[in-house]
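Right, one structure below, let's go through it.
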Amino acid sequence: MDANVLYAVLIILALSVALNLKLTFSLLSSVRNMMAAQGQDFTLPVGEPVPEVRGKPMRGGKKAVFTAGPRPAVLLFLSSGCPKCKSKLPEIGRMLARADEAGLDMWLVSREAKWRLRRFLRGTALPGVTMRVSTDEFKVLNPTMTSPYYMFLNESGSLEAGGMIGDENWLSFRGQLDDAEGDAEMETEAAA
């Protein structure tokens with residue numbers, strides 16, 4: 001057998017072993033997270049203050065303590081590996097400006113690498129409202145690491161509601177933003 005062919009076969013085998021190990025450890029990590037999440041509540045208790053979390057804005061800036069501000073907030077939890085999450089990006093992007101006009105902050109909270117987030121959020125306005133946090137900090141807010149997930153916080157930082165994006169509370173929230181936009185358009189037309 002030719003030495004070059006032997007080297008090529010050895011390289012292919014080494015790469016196969018490395019890929020197998022990576023996939024095995026990834027699966028092990030996912031199973032461990034699922035097992036840890038079994039004993040935890042899906043969301044933090046409603047009415048309870050949401051703990052402070054340290055994070056870093058995706059668009060630069062120093063690390064900061066992320067807490068509720070003077071305005072109510074919506075925290076969004078999306079994952080680049082989640083097909084449902086990708087399909088929610090246009091809807092959330094449209095809601096972003098309306099939420100700001102309604103006096104509401106929206107934050108995407110992520111534990112993913114900056115390069116992965118950049119690719120996932122390309123073409124949206126979401127990088128400007130994305131806060132990157134450590135996995136431990138992420139689990140403080142989202143113990144089961146669920147996505148696409150949201151949390152509604154009041155101005156004092158207490159949890160008002162949480163659930164899957166697209167559930168009844170989310171659709172009601174989206175309807176309220178749509179109604180607020182329609183009211184603003186009617187006021188503009190009446191003033192003209």
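The values are calculated or read from the model by the stated rules, or taken from the named source; none is laboratory data. Model, not experiment: these values are computed from the prediction. Reconstructed Cβ throughout: ideal geometry from the backbone, glycine too, with neighbour counts over all protein chains shown. Please note that ligands, DNA and RNA were not included when accessible areas were found on the heavy atoms of the full protein model with its side chains. Shrake-Rupley method; radii C 1.70, N 1.55, O 1.52, S 1.80 Å.
Rounded if a/c is under 1.5, else prolate if a/b beats b/c, else oblate: with a ≥ b ≥ c from the C-alpha gyration tensor eigenvalues square-rooted, which is segment 84-141?
Taking the square roots of the gyration eigenvalues as a ≥ b ≥ c, segment 84-141 is oblate.
By its C-alpha gyration tensor, with a ≥ b ≥ c as the square roots of the eigenvalues, how is segment 65-169 shaped: rounded for a/c under 1.5, else prolate for a/b larger than b/c, else oblate? Mind dumping the intermediate values first?
Working: a/c = 1.39, a/b = 1.18, b/c = 1.18.
It is rounded, given that a/c, with a ≥ b ≥ c, falls under 1.5.
Going through the cross-link list Lys86/Lys139; Lys22/Lys84; Lys56/Lys84, which pairs have a Cα-Cα distance over 23 Å in this structure?
Distance filter (> 23 Å) returns Lys22/Lys84; Lys56/Lys84.
Projecting each Cα onto the charge dipole of segment 48-190 (Lys/Arg +1, Asp/Glu -1 at the beta carbon, about the Cα centre), which of Leu78, Ala113, Pro148 comes out farthest on the positive side?
So the residue furthest toward the plus end is Ala113.
Near the amide H of Ser158, under 5 Å away, which other amide H atoms are found, from residues 5 or more places off or on another chain, if H is placed in the peptide plane?
HN-HN under 5 Å from Ser158: Val50.
Carbon and sulfur together cover what percent of the accessible area of segment 55-170 at a 1.4 Å probe radius?
Taking all protein chains in place, segment 55-170 shows 50 percent carbon and sulfur surface.
With a cut-off of 8 Å between alpha carbons and a minimum separation of six or more residues, what is the relative contact order of segment 48-190 in percent?
Rounded, it is 32 percent for segment 48-190.
Name the residues whose placed amide hydrogens come within less than 5 Å of the amide hydrogen of Asp105, ignoring near sequence neighbours (fewer than 5 apart) on the same chain.
Ala73, Val74
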